[in-house]
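First the structure, in the form of structure tokens, and then the observations on it.
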Amino acid sequence: MSAADAIVFDGARLKLGAEQIYDSLDFTVRKGEFVCLLGPSGCGKSTALRIAGDLVPPDTGRVEVLGKAPKDAWQDIAFVFQSPRLVAWRNALSNVLLGAELRFGRAEGRKRAAKARDLLALVGLADSANKYPLMLSGGERQRVAIARALAVDPSIIMMDEPFSALDPNTRRRLRAEIVRIWQETGKTILVVTHDIDEALTLADRIVLLSKKPTRVLEIFDVKAARPRALKDDPALVAMHDRLNELFRSLEPDAPHGGMT
Ligand SMILES: Nc1ncnc2c1ncn2[C@@H]1O[C@H](COP(=O)(O)OP(=O)(O)O)[C@@H](O)[C@H]1O
Ligand SMILES: [Mg+2]
């Protein structure tokens, strides 16, 4: 562990029920870095986020978040899931405040209303603060969930397939947005995905996981400047082909082929 590390998995092994999930999971996310955890369905990507968030302990091995055990670091992390999980009877602003209210108490949370408005503006929803979830599109709801995560001012944001339920255009727009937000806020971001294009669009580094019992197959450094045009950059095309080949061997039914 170095002072520059935000998340460390060092020899983490885990069995759930009768199944060996991790053989030995080893990877690091540095402070301020944007990392994608890419791997086949069921290999334990979501479980890795749960371990870092202190919801599941590993059987053996060392997992640290900002130099601390996960149980001492949950306040440093906020989550964004595939479904935005908004409260239907709270408007967008009030949903953004909810995370802070739950974490810091109602009174303290409410003091953050001005900040919550700024965050809604940051995710492009300045004019939608009073709208209820039913009045928002899927992409807008996910933007609210991102603002809600930012509202607790976490050092680290963990996202579990955050865009996979959205239509392709919305997904592309939100990928660009999250890169911009990452650049503006300097947060450490760990995104779980099983989408190669997504990982190549977003990440500084891609951690490719194997099938169970899972270990890290390969780590890809993605140096291309952002915003990235995947098809126009030969280095990205080569990396895409290599990832696609590896991924197909892991998940034979994967719907991956050309770039989208
Ligand atoms: N509470 C649990 N008990 C037993 N097995 C579980 C539990 N949670 C997850 N699993 C299993 O662990 C594996 C990894 O799950 P998960 O982390 O959700 O995979 P991924 O997110 O990569 O698709 C899967 O095989 C899943 O069935
Ligand atoms: Mg998952």
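Here is how the numbers come out for the structure above:
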quantity	calculated
Whole-Hz ³J(HN,Hα) from phi, Karplus 6.51 cos²θ - 1.76 cosθ + 1.60, for the stretch 174-184, glycine and proline x	5, 4, 4, 5, 5, 5, 4, 4, 4, 5, 6
Cα centroid separation, the stretch 140-210 to the stretch 10-26 (Å)	26 Å
Percentage, to the nearest whole number, of Cα pairs in the chain over 34 Å apart	17 percent
Potential extension, GLN20-ARG173 segment - 0.36 nm per residue separation minus Cα distance	51.3 nm
Average Cα contact separation per residue, the stretch 149-260, under 8 Å, 6 or more apart, as relative contact order %	20 percent
Sequence ranges 161-170, 101-110, ranked by mean other-Cβ count within 10 angstrom, highest first	161-170, 101-110
Sorted by Cβ neighbour density within 10 Å, fewest at the top, the residues MET158, MET135, MET239	MET135, MET239, MET158
Extent along principal axes [Cα atoms of the stretch 182-226; Å; largest to smallest]	37, 19, 15
Radius of gyration and Dmax over the Cα atoms of the stretch 1-133, both given in Å	17.7, 51
Loop-located trypsin sites (Lys or Arg not before Pro) in the stretch 1-93 whose Cβ has at most 15 other Cβ within 10 Å (DSSP)	ARG85, ARG90
Per-residue HN-Hα couplings for the stretch 85-94 [Karplus 6.51, -1.76, 1.60; θ = phi - 60°; Hz; x = Gly/Pro]	6, 8, 8, 4, 8, 10, 6, 4, 4, 5
Ranking of ASP195, ASP204, ASP59, ASP10 by count of other Cβ atoms within 10 Å, fewest first	ASP59, ASP10, ASP204, ASP195
Label-reachable residues, the stretch 132-169, where backbone N falls under 20 Å from a point 7 Å from PHE104's Cα toward its Cβ	144-158
Net dipole in debye of the chain [+1 Lys, Arg Cβ; -1 Asp, Glu Cβ; about Cα centre; nearest 20]	880 debye
Residue-averaged [θ]222 nm for the chain, counting only DSSP H segments that reach four residues, each worth -39500 (n - 2.57)	-10500 deg cm²/dmol
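All of the numbers you see were taken from the coordinates with simple rules; none came from a lab. What you are looking at is a predicted structure, and each value in this text was computed from that prediction instead of being measured. Note that each Cβ is placed from the backbone with ideal geometry, even for glycine, and that neighbours are counted across all protein chains shown.
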